[in-house]
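Structure first, commentary second.
The values are calculated or read from the model by the stated rules, or taken from the named source; none is laboratory data. Everything quoted here is computed from the prediction, not taken from an experiment. Here the Cβ positions follow ideal geometry from the backbone for every residue, glycine too, while neighbour counts run over all protein chains shown. Ligands, DNA and RNA are excluded from the accessible area calculation, which covers all protein heavy atoms including side chains. Shrake-Rupley method; radii C 1.70, N 1.55, O 1.52, S 1.80 Å.
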Amino acid sequence: MKTATVSQEFANKFATEKDTPYTRWVREEGLEIISSFHVENLHTVELKPWPRRGGKGVFLNHDASRTSNDCYVCEIPPGKSLAPQRQLFEEMIYVLDGRGSTTVWNDAGARVTFEWKAGALFGIPMNCWHQHFNGSGQAPARYVAVTNAPPIINLYEDLDFVFNTTFDFRGRFNGEPDYFAAKPAQGELRLETNFIPDGVNVPVSDTSERGAGSRMVRFNLAKGNIPGHISQFPVGSYKKAHAHGPGAHVIILNGEGYSLMWPDGDAPRRYEWQPGALIVPPNMWLHQHFNTGPTPARYLAFKLGSQRNAQGVMTCWISKRLGGDQLDYADESPRVRAMFAEALARHGLSSRMEEAYRKELETLPPLPSKEAAE
């Protein structure tokens, strides 16, 4: 879907509809929403005081994601804690810097405390009370979170209901002592857990369908509906371009490279990244990630569910030649490969994609006929 731009006079007719209960709530919290496809560094992005929580924060998301899910960065001062909070929306957290602990409890009195450090991932169980503590008296702790607050706040338009409802979802959390214990992998692609102690080094499995040497692990933390995955790809390689709905927040965990993003039919736009960068692909924009550094690159992505075919396969994994939303290497612009070669050369590296191109051609579906396309 392209971004259609109209005259300001036309846009003014809908100005009041752009503001929502969710955006008003963010303003009332004293915070800002940075609207961007790309944030250079979550570790250093500027934060403002967040009096209600007792820390600092900023919201980061593109316009298209503000009705689906959001993203915010929060910092806990040295030796301090955030105020306890409960909420009728889901929240997935990745620790950017520091170390600390979190206590989670429900109205029945079930309570669990666990420790975390930079690189950890965990989810907040629905409507549970929770409080984050900074374990250092010298340095702040900082995390990034993705939530589905926008549709919940917009639906109910009652902050007291969203943040103060008394109800325990015991099927999601009932005080299990090992709820936030690290779990071993149960399957090749999925990790059934509520806590990942080190997202940078968690094992990943083969997902070559997504591109050359691609490896991944998928998970739903705290039994939530915001799926996450960690994806890794080798030196001198890049992922296949694909498109999906809004709300994907891609956080670079390690490596060096860039991403291309573009609405179908337009020229790609380039965004450089390194650890801590955030990429937010707009709704149904094609996007593609390139590793131009000397080590494997790895990223974390949180988003709402993707469109699937009748077999349950996400269409962003299926070739456009078969009616899906993934662009085969054979169908990408020649400029993509030339740009990649140029970026690698600046680092004294060369592409390792030839084998992937060759293997793809062996099983490449035929292009749809003109008659079928019509």
Exercise for the section: Order Asp158, Asp168, most accessible first, counting only protein heavy atoms with a 1.4 angstrom probe. Expected result: Asp158, Asp168
Practice task
Just read off the accessible area of Met126 with the full protein assembly in place, 1.4 Å probe, to the nearest 10 Å².
Solution key: 30
Exercise for the section: Return the subset of Lys80/Lys223; Lys18/Lys80; Lys223/Lys303 for which the Cα-Cα distance in this structure is over 25 Å, preserving the input order. Expected result: Lys80/Lys223; Lys18/Lys80
Exercise for the section: May I ask you to derive the FRET efficiency for Glu355 and Val200 from their Cβ-Cβ distance with R0 = 25 Å, giving the value to the nearest 0.05? Expected result: 0.40
Completion exercise
Once amide hydrogens are built 1.01 Å from N within the peptide plane, the residues lying 5 or more places from Phe195 or on another chain with amide H under 5 Å from its amide H are Lys183
Fill in the blank from the handout: Taking a ≥ b ≥ c as the square roots of the eigenvalues of the Cα gyration tensor, with a/c under 1.5 meaning rounded and otherwise prolate when a/b exceeds b/c and oblate if not, the range 58-130 is oblate
Exercise for the section: Round to the nearest 10 and report in Å² the accessible area of Ser208, as given by a 1.4 Å probe over the protein chains' heavy atoms. Expected result: 60
Handout entry: Dipole in debye (nearest 20) - the chain, about Cα centre, beta carbon charges: Lys, Arg +1; Asp, Glu -1
Key = 440
Fill in the blank from the handout: So, with points 7 Å from each Cα along the Cβ direction, the Lys223-Asp266 label distance in nm works out to 4.2
Practice task
Under 1.5 on a/c is rounded, so check that first for the range 207-272, then, if it is not, pick prolate when a/b is larger than b/c and oblate when it is not; a ≥ b ≥ c are the square roots of the alpha carbon gyration tensor eigenvalues.
Solution key: oblate
Problem - Modelled FRET efficiency - R0 41 Å, Gln311 with Asn174, Cβ distances, 0.05 increments - result: 0.75
Fill in the blank from the handout: Note, the range 129-134: 3J(HN,Hα) by Karplus (6.51, -1.76, 1.60, θ = phi - 60°), whole Hz, Gly/Pro = x, goes 5, 8, 9, 9, 10, 7
Practice task
Report, ordered by chain and residue number, the aspartates and glutamates lying within cross-link reach of Lys359, taken as a straight Cα distance under 15 Å and ignoring same-chain residues fewer than 8 apart.
Solution key: Glu209, Asp328, Asp331
Practice task
Give, in nm to one decimal, the length gained when the segment between Glu46 and Val6 is fully stretched (0.36 nm per residue of separation minus the Cα-Cα distance).
Solution key: 11.2 nm
Completion exercise
Projected onto the charge dipole of the chain (unit charges on the beta-carbon of Lys, Arg, Asp and Glu, signs +1, +1, -1, -1), the Cα from Val6, Pro234, Gly323 with the largest positive-side position is that of Pro234
Completion exercise
Longest the chain segment clear of chymotrypsin sites (Phe, Trp or Tyr not before Pro) sitting in DSSP loops (not H, G, I, E or B) with at most 13 other Cβ atoms within 10 Å runs 168-374
Fill in the blank from the handout: In degrees rounded to 10, the 0-90 angle between helix 334-345 Cα long axis and the longest Cα principal axis of the chain is 70
Problem - Counted charge near Leu82, where neighbours are those whose Cβ lies closer than 11 Å (Asp, Glu -1; Lys, Arg +1) - result: +3
Handout entry: Charged-residue dipole, Cβ positions (Lys, Arg, Asp, Glu), the range 268-374 about Cα centre, Debye nearest 20
Key = 320
Fill in the blank from the handout: Correct semi-axes for the range 232-374, from √(5λ) of the alpha-carbon gyration tensor and rounded to whole Å with the largest first, are 25, 19, 14
